[in-house]
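Presented below is the structure to which this report refers.
The values are calculated or read from the model by the stated rules, or taken from the named source; none is laboratory data. Note that the coordinates shown come from a computational prediction; the quantities given were computed from them, not determined experimentally. Cβ atoms come from the backbone with ideal geometry, glycine included; neighbour counts cover every protein chain shown.
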Amino acid sequence: AKTKKSKASQAASTAAAPETPKLDKGELKAAIVRHLHCTLGTDENKANNHAWWKATCAAIQELVLEGLRKTQKSHYFNDTRAVHYFSAEFLMGRLLSNNMHNLNLFETANDALTELGISLTDVLEEEPDMALGNGGLGRLAACFIDSLATMEMPAIGYGIHYEHGLFRQEIKNGAQIERPDSWRDYGNPWEICRPESIQEVSLYGYVETKYGDNGRIQKEWHPGSIVKGVPWDIPVVGYGGKTVNVLRLWQSQSSGYFNWDVFNAGGYVDAQVENVQAETISKVLYPNDETEAGKELRLIQQYFFCACSLKDIIRRYKRAHGDDWSRFTDQVVIQLNDTHPAIAIPELMRILVDRAELDWDKAWQICTKTFAYTNHTLLPEALEKWPARMLEKILPRHLEIIYEINHRFMAEVEKKWPGDNAIKSKLSIIEESSEKMVRMGNLSVIGSFRVNGVAEIHSMLVKKNLFPEFDQLWPEKLTNVTNGITPRRWLKACNPALSALIDKKIGDQWPLNLSQLTELAVYADNKTFQKQFMKVKQDNKVALAQTIKELTGLTVNTDAIFDIQIKRLHEYKRQHLNLLHILALYRRLLENPSYDMHPRVFIFGAKAAPGYTLAKDIIFAINKVAEKINNDPRVNTKLQVVFLPNYRVSLAEKMIPAADVSEQISTAGKEASGTGNMKLALNGAVTVGTLDGANIEIAEEVGDDNIFIFGLTVDEVAELKRKGYSPDDYYYKNAEIKAILDWLETDYFTPGKPGALASVKHSLLSGGDPYLCLADFDSYSAAQEQVDAAYRDKTRWAKMAIMNTAMMGKFTSDRSIKDYVDRVWNLTACIVEN
Ligand code: T68
């Protein structure tokens, strides 16, 4: 195996090791009991696990808030430059276990609760996930703010305080049902309301053009409605507990400009309508990942949190620098997590030009030194565009500003490519289709000083296919920052047994310097270490089997290969390719009962966007096939299929440590990066994957012997599409594919209901198989045979698993943050004294 170390993987965090805990067991016990009494009004005899959870959170929060106060004081006195991470999503998961780990209080808390007769594990299970995000993009934001605090960087996350996060998924008769998520119903012990920092946001109305004394044209926006933004702060504790940053989430509220006319006419109830409308803004997270719904409320959500956040930033800046804007870009950098917060660009221009009365060029200079933009997708259906008419109605002044930005930019394009109208129409922020549209991607590139993709290949494709002319115009602007994950949550906290084993071998500093894991590589062939490593994996599998039993009633074989695919359900992620292979195995076993394979349990977790019919059909198909196979005694000793409902961060934490195989099988060129691939490999799962996103960089790190790569490459995909891809060719030429697809149309899996799974088949034939499942099927199936052979060689497999853990150093989010700090944000750490 390669032992090459990438430059990036040598990134060392600036943070120091966690110190001795700030509380001993006795003090923590006393604090928990005190909160049980004085915060919750109950006592040790009456308290249930939920009360114990709240009391424990409150005890921990005391220390968190002390750290927060010191951090804010330190940032204030040092007048630090800070990054402001704007994201419509933060997928935080649970906070208690994480905060205890980062404060080095986990063991102490465990002992304290044990002495009180309470199980910490049970207490942790009481915490609802903070699921304010859809998937990878939202979880990336959560990992990044963890790393920023750990590395003692002045940073603040800005987002939306959704009342309902991503829906809770139930499976009824095999189908996905969406239920509302109510994560705050019984209170959230972590968040702090800051009424002193409420902001007001304008919407609708019209723009008045006036002439100032100097003859200058002045624009005044007369809003039609005003809403309040109430900030809720969630402390973000760095590992070691020194820096505690905040995640500030805005909740919308009626501005209280009561509709008195209606009220006086006796319409007390009707007058509340306005309140309801205002409060709707932060009611619910849109559950669509990778598609743009174009809904008015979504645009209002985006503007709402950007406007609140900018006001908040400017208020803080003015407190230190008054009306002198000359230092703004020294103090403030704003990272746009995809285009969702792109409306912040014209909003800052509006503030600078209309309010601060800076001239346009000066304002634009400030703006383009403030923003940087991360692109997370190349899928055309995910690139945000807003109808100009919608913008005009909601944000009339912003539309004017966007036109002005575009007008000036078009002049630049004319200089570079004189007379080239094709390039102009491609680069324009305005798309002149039947309905005029505003392209938020173009706006983001034009308004930012740096633009990054999230894995090497993705950034290359951003330059080559998505924004090639922008790259020619500004060769320095487009760059790459490969994603990462926090090893604190995704190894130390979620896999305590493996963490303890690693500590014993290489010491306990790896959570801060993940490259140290390479020191495990020398033990990859060591029989004793292999045994210890695989024993941990086995125990984790037994624990997951227990969870599977509780959630589905199914007893799985823990000697089988645990083969896991966990991610949002999407055609491009190809859960249905996995399903086709499962069907192939099923057929082979039926045709040949002695078909030679190691027992395997295929485990899925996935939510489908509620309006994405085919994605829901694929979930239904997986569940129906699972039901049939699991109840078929002819095969179920070798083959089992599990669909775990309601996949989310806390469930991922239970599944990932138990995985033998990690399925990363997107069509090459479609998955920007992936981050689940990193989490699974870090926990010793071996990847079956395409040359897509970060899989490529994972393969570089672990070496070809420790990963199963299959399928068409990006270039081969392009070539096949260019030549004209016809799935029928594969259907008619490959008897196994034909048999499987035809099987799906019978009533074999849905007795009495033939055709219930037909949509999956049709998407792959008449539907054109847009993601090339059939083209990649044979290669995938061959890779799976190699997996089977490798697993049966126990020594070989143990070595592969160890090498995966050992070589994941590059993928710590600390390294990603270091890349952003060096190449985009230009920040310096601010050491917070204890
Ligand atoms: C993901 N994107 C990428 N989008 O798919 C994944 N989209 O490859 C990458 O690793 C990850 O971002 C982090 O960079 C998403 O998760 C969304 O969730 C989303 C949500 C709303 C609208 C569009």
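Filtering L105, L132 for residues that are at pLDDT 95 or above and more than 16 Å from the ligand (Cβ to nearest atom) leaves a single hit, L105. Answer yes if at least one residue in region 518-529 is surrounded by 23 or more Cβ atoms within 10 Å (Cβ to Cβ) and touching a helix residue (DSSP H, G or I) at 6+ places or on another chain (Cβ under 9 Å), and no otherwise. No, the conditions are met nowhere in region 518-529. Does any residue of region 661-670 turn out to be over 30 Å from L520 (Cβ atoms), touching a helix residue (DSSP H, G or I) at 6+ places or on another chain (Cβ under 6 Å) and among the hydroxyl-bearing types (S, T, Y)? Yes, some residue in region 661-670 is over 30 Å from L520 (Cβ atoms), touching a helix residue (DSSP H, G or I) at 6+ places or on another chain (Cβ under 6 Å) and among the hydroxyl-bearing types (S, T, Y). Considering only region 343-357, how many residues are assigned to a helix (DSSP H, G or I), within 17 Å of T209 (Cα to Cα) and acidic (D, E)? Selection size over region 343-357: 1. Taken as a whole, region 790-803 holds at least one residue that is of a type in the set (V, I, T) and either under 30 Å from T518 (Cα atoms) or under 31 Å from the mean Cα position of the chain (by Cα) (or both).
Restricted to region 398-468, the set of helices (runs of 4 or more DSSP H) holding at least 1 residues that are under 16 Å from W386 (Cβ atoms) and more than 16 Å from the ligand (Cβ to nearest atom) comprises 440-447. Of the residues making up region 195-222, those that are at pLDDT 95 or above and part of a loop (DSSP other than H, G, I, E, B) are I198, Y204, G205. Based on this model, can you work out whether A789 counts as of a type in the set (A, V, I, L, M), without any contact (Cβ under 8 Å) to a residue 60 or more places away in the chain and either part of a helix (DSSP H, G or I) or closer than 25 Å to H598 by Cβ (or both)? In short, yes. Scan region 609-618 and give yes if some residue there is of a type outside the set (D, E), away from the ligand (no atom under 14 Å from the Cβ) and either in a loop (DSSP other than H, G, I, E, B) or under 30 Å from A497 (Cβ atoms) (or both), otherwise no. Among the residues of region 609-618, not one is of a type outside the set (D, E), away from the ligand (no atom under 14 Å from the Cβ) and either in a loop (DSSP other than H, G, I, E, B) or under 30 Å from A497 (Cβ atoms) (or both), which makes the answer no. The condition of being within 16 Å of the ligand (Cβ to nearest atom) and either over 28 Å from the mean Cα position of the chain (by Cα) or not assigned by TED's automatic domain parsing to the domain that holds K573 (or both) holds for only one of K385, K369, that being K385.
In region 632-677, the qualifying residues are those that are touching a strand residue (DSSP E or B) at 6+ places or on another chain (Cβ under 7 Å) and without any contact (Cβ under 8 Å) to a residue 40 or more places away in the chain, and the one that is farthest from the ligand (Cβ to nearest atom) is Q664. I740 meets the stated requirement of being away from the ligand (no atom under 16 Å from the Cβ), touching a residue at least 12 places away in the same chain (Cβ under 8 Å) and touching a Lys or Arg at 6+ places or on another chain (Cβ under 7 Å). Each residue in region 479-505 was checked for being of a type in the set (A, V, I, L, M), more than 16 Å from the ligand (Cβ to nearest atom) and within 25 Å of the chain's Cα centre (by Cα), and 3 of them qualify. Residues that are more than 29 Å from I629 (Cα to Cα), crowded, with 21+ Cβ neighbours inside 10 Å and not acidic (D, E): does region 731-750 have at least one? No, the conditions are met nowhere in region 731-750. Taken over region 763-772, the residue count meeting the criterion of being over 14 Å from K721 (Cβ atoms) and either in a helix (DSSP H, G or I) or out of contact with any helix residue (DSSP H, G or I) (no Cβ under 6 Å at 6 or more places or on another chain) (or both) is 4. So which of E400, E381, E432, E404 is of a type in the set (D, E), within 29 Å of G224 (Cβ to Cβ) and out of contact with any helix residue (DSSP H, G or I) (no Cβ under 8 Å at 6 or more places or on another chain)? Sole residue among the options that is of a type in the set (D, E), within 29 Å of G224 (Cβ to Cβ) and out of contact with any helix residue (DSSP H, G or I) (no Cβ under 8 Å at 6 or more places or on another chain): E400. Scanning region 474-528 for residues that are among the small types (G, A, S) and farther than 17 Å from A681 by Cβ yields A493, A497, A500, G507.
Conditions (1) farther than 14 Å from L249 by Cα; (2) hydroxyl-bearing (S, T, Y); (3) surrounded by 23 or more Cβ atoms within 10 Å (Cβ to Cβ), marked per residue:
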position	(1), (2), (3)
D146	yes, no, yes
T150	yes, yes, yes
F167	yes, no, no
I177	yes, no, no
Y186	yes, yes, no
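All told, P341 meets the bar of being crowded, with 16+ Cβ neighbours inside 10 Å and assigned by TED's automatic domain parsing to the domain that holds R315.
Just to be sure I understand, how many residues within region 753-786 are of a type in the set (S, T, N, Q), outside the structural domain of L580 (by TED's automatic domain parsing) and touching a residue at least 60 places away in the same chain (Cβ under 8 Å)?
Within region 753-786, residues that are of a type in the set (S, T, N, Q), outside the structural domain of L580 (by TED's automatic domain parsing) and touching a residue at least 60 places away in the same chain (Cβ under 8 Å) number 2.
Residues in region 29-83 that are hydroxyl-bearing (S, T, Y), closer than 28 Å to A155 by Cα and out of contact with any Leu (no Cβ under 7 Å at 6 or more places or on another chain): T71, S74, Y76, T80. The lone criterion from (1) in contact with a Gly (Cβ under 7 Å, 6 or more places away or on another chain); (2) more than 23 Å from K228 (Cα to Cα) left unmet by Q335 is number (1). The residues of region 77-94 that are away from the ligand (no atom under 16 Å from the Cβ) and touching an Asp or Glu at 6+ places or on another chain (Cβ under 7 Å), listed by number, are R81, R94.
Answer yes or no as to whether D814 is modelled with pLDDT of 95 or more and surrounded by 22 or more Cβ atoms within 10 Å (Cβ to Cβ). So D814 fits the description; yes. There is at least one residue in region 733-741 that is over 26 Å from G174 (Cα atoms), basic (K, R) and more than 32 Å from the chain's Cα centre (by Cα).
In the set (1) polar (S, T, N, Q); (2) in contact with a strand residue (DSSP E or B) (Cβ under 9 Å, 6 or more places away or on another chain); (3) over 20 Å from A658 (Cβ atoms), the condition left unmet by S594 is number (2).
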